[in-house]
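Report on the following structure.
The values are calculated or read from the model by the stated rules, or taken from the named source; none is laboratory data. From a predicted model like this one, the values you see are computed outputs, not experimental measurements. Cβ placement follows ideal geometry from the backbone for every residue including glycine, while neighbour counts extend to all protein chains displayed. Note: areas computed on protein heavy atoms with side chains; ligands, DNA, RNA excluded. Shrake-Rupley method; radii C 1.70, N 1.55, O 1.52, S 1.80 Å.
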Amino acid sequence: MLDNELSSTTCKKSFARSISLFLQDIFDQLINGFVEHKIGTTENFLSTALVQSLRQNLHLLFESKKMQAAGIGNQAVATHNKLIRSDVIFWLDRSHNDIFENEFFDLMDAFVLHLNHTCYTGINGYEFHYALYEKGSFYTKHLDQFKSNDSRKYSMIMYLNDDWQNADGGELCVHHQDEPLQLIAPIGGTSVFFQSNELLHEVLVTNKPRMSITGWLKV
Ligand code: OGA
Ligand code: MN
């Protein structure tokens, strides 16, 4: 088995922890989906109430002009190339003392503990940002790991959209090897989990504002 890669044979199925069975089941949906299909999804990682509160945070950040154009690659070589991606972002941080961001981080801490305990992944850090794709925005096909820094091991995206329709576009389009494209609609409450250096993916043009929290589990 290679470094941090998960495999179904090495994931211990049970481990006594203090998180609820409900959360364990949600976490395992993400992990098992990843082990079996290279990408895990679940509907209940964030509660409906937390989705709503984080969406409200994002709205306020956008209105107060705190969301910034996202870079490509690490900050030093950021090109702000609108031809590659056209979303705007804002990094979450516990120092903001925002109860909903902290609730989000508590949940992520529980997920990382569960992942490390069941799959020996050795994750010891993470970074997450809010992302807003305005109408007409997209992110072309890419991997999430930088060429110059391989610390990003797993990618997670949590959608915050209310009432998303098929015609709204903005799907996460996953390019599997030797398999049809997989389209995931950014429906509020849906979360996805995959390995950052493995899955090529893109965000298709969105026909209305598209909101998410996106980030990476790191070593
Ligand atoms: C990213 C990304 C996908 C999405 O921010 O790197 O690929 O569905 N986002 O928002
Ligand atoms: Mn990506």
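Of Lys147, Lys82, the residue with the largest accessible area leads and the full order is Lys147, Lys82 (1.4 Å probe). Accessible-area rank, largest first, for Leu21, Leu46, Leu113: Leu21, Leu113, Leu46, with all protein chains present and a 1.4 angstrom probe. Per-residue ellipticity at 222 nm, computed for the chain from helices alone with -39500 (n - 2.57) per DSSP H run of at least four residues, works out to -8500 deg cm²/dmol. As a length-normalised measure over Cα pairs under 8 Å and 6 or more apart, the relative contact order of region 85-135 settles at 62 percent. Computed over all pairs of different Cα atoms, the Kirkwood value for the hydrodynamic radius of region 71-177 is 16.3 Å.
Each DSSP beta bridge with both residues in region 131-219 is either parallel or antiparallel, and the antiparallel ones are about 95%. Modelled label positions at Ile19 and Thr140, each set 7 Å beyond Cα in the direction of Cβ, lie 3.7 nm from each other. Distance distribution P(r), the chain, all Cα-Cα pairs, bin width 10 angstrom from 0: 8, 35, 39, 17, 2 percent.
Looking at the square roots a ≥ b ≥ c of the eigenvalues of the Cα gyration tensor of region 123-187, which shape do they give, rounded for a/c under 1.5, prolate if a/b is larger than b/c, or oblate? Judged from the Cα gyration tensor, region 123-187 comes out oblate (a/c at least 1.5, b/c at or above a/b). Considering only alpha-carbon pairs that sit under 8 angstrom and 6 or more positions apart, the relative contact order computed for region 25-169 is 23 percent.
Quick check on my link table: of Lys38/Lys141; Lys38/Lys135; Lys135/Lys218; Lys147/Lys218; Lys82/Lys218, which ones sit more than 22 Å apart, alpha carbon to alpha carbon? Flagged as over cut-off: Lys38/Lys135; Lys135/Lys218; Lys82/Lys218. Packing here is the average count of other Cβ atoms within 10 Å per residue, and on that basis the peptides 204-217, 26-39, 47-60, highest first, run 204-217, 26-39, 47-60.
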